[in-house]
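A short write-up of the structure that comes next.
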Amino acid sequence: MNGSVDAVNLGAAATGGDLSLWGLFLQASIVVKLVMVGLIVASVWVYAIVYQKLTSLRRVNALADQFEERFWSGGSLDDLYEQEGIKTSHPMAAVFGAAMGEWRRSARVSPDLARGSVRDRVDRAMGITIQREMERLERWMVFLATVGSNAPFIGLFGTVWGIMSSFSAIAKMHNTNLSVVAPGIAEALFATAIGLVAAIPAAGAYNILSGQVARYALQLEAFAGEFITILSRQLEEQV
């Protein structure tokens, strides 16, 4: 007999409130709604950043490969500078343009200066350019890391608030029926789920993208080292 009564109560509880995702959102308190909306906005922003970063990295890697092919083809560096170094369209061309620009300015100022300290000037110009270009590529990466690490805790805050609301409802109604507890518990768990939906892609994307950005930074530094070696040989030939 007790089993029949429990079954009836559970059936009534299941139909006592709208437990669909939209229903859970509408039934949530204003605090939990704000948590949910904030996490959803963060999640959408994460996907937008990931798409932009993947597209950007794919583009700069392809352009870098094409540029290095032209650079090592044996053609004139002056011609390459006129074509890509003055008006740059990707980081590697910007590094090359900064180096060639400093090389030309130093040689124009004084031949003695060009032979004496141009290597340091060119090396510094490339280093500054690499730092600036990498800052552009790394833009919004901190946001991905922040969402990946903090979104679960924000969702947990919504969970705690929802559970507190459930206990408050129990205290006011003096009723422990599942129909009283279920909506608050469900909306609480929904907030946690949204937090995980935002955090998991953000954390995974940050790990993948940071690796790709680091590899591209190494490629730029390797190119800068090779280029300064070429310029050093030309300086030695001028002495």
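The values are calculated or read from the model by the stated rules, or taken from the named source; none is laboratory data. Here the structure is a predicted model, which is why all the values come from computation and not from measurement. So basically every Cβ, Gly included, is an ideal-geometry build from the backbone, and we count neighbours across all protein chains shown.
Please name all residue pairs, on different chains or six or more residues apart, with Cβ atoms under 9 Å, provided the first residue is in the stretch 208-224 and is touching a residue at least 24 places away in the same chain (Cβ under 8 Å) and the second residue is crowded, with 16+ Cβ neighbours inside 10 Å and of a type in the set (Lys, Arg).
Leu209/Lys53; Gln212/Lys53; Val213/Lys53
Answer yes or no as to whether Val8 is assigned to a helix (DSSP H, G or I), within 30 Å of Ala188 (Cα to Cα), β-branched (Val, Ile, Thr) and modelled with pLDDT of 90 or more.
So Val8 does not fit the description; no.
Quick check on the stretch 192-238: of everything there that is of a type in the set (Gly, Ala, Ser) and more than 23 Å from the chain's Cα centre (by Cα), which residue is surrounded by the most Cβ atoms within 10 Å (Cβ to Cβ)?
Ala224
Condition test on Ala64, is it in contact with a His (Cβ under 7 Å, 6 or more places away or on another chain) and in a helix (DSSP H, G or I)? Reasoning before the result, please.
On the way: in contact with a His (Cβ under 7 Å, 6 or more places away or on another chain): yes; in a helix (DSSP H, G or I): yes.
Yes: the conditions hold for Ala64.
Read through the list (1) at pLDDT 95 or above; (2) of a type outside the set (Gly, Ala, Ser); (3) under 30 Å from Gly85 (Cα atoms), then give the number of the only condition that Gln234 fails.
Every listed condition holds for Gln234 apart from (1).
When the stretch 27-55 is examined, which residues are found to be exposed (fewer than 12 other Cβ atoms within 10 Å of the Cβ) and either more than 21 Å from Ala214 (Cα to Cα) or of a type in the set (Gly, Ala, Ser) (or both)?
The answer is Ile30, Val41, Val44, Ala48.
Going through the stretch 129-138 one residue at a time, which ones are surrounded by 13 or more Cβ atoms within 10 Å (Cβ to Cβ) and either in a helix (DSSP H, G or I) or without any contact (Cβ under 8 Å) to a residue 40 or more places away in the chain (or both)?
Across the stretch 129-138, the qualifying residues are Thr129, Ile130, Arg132, Glu133, Met134, Leu137.
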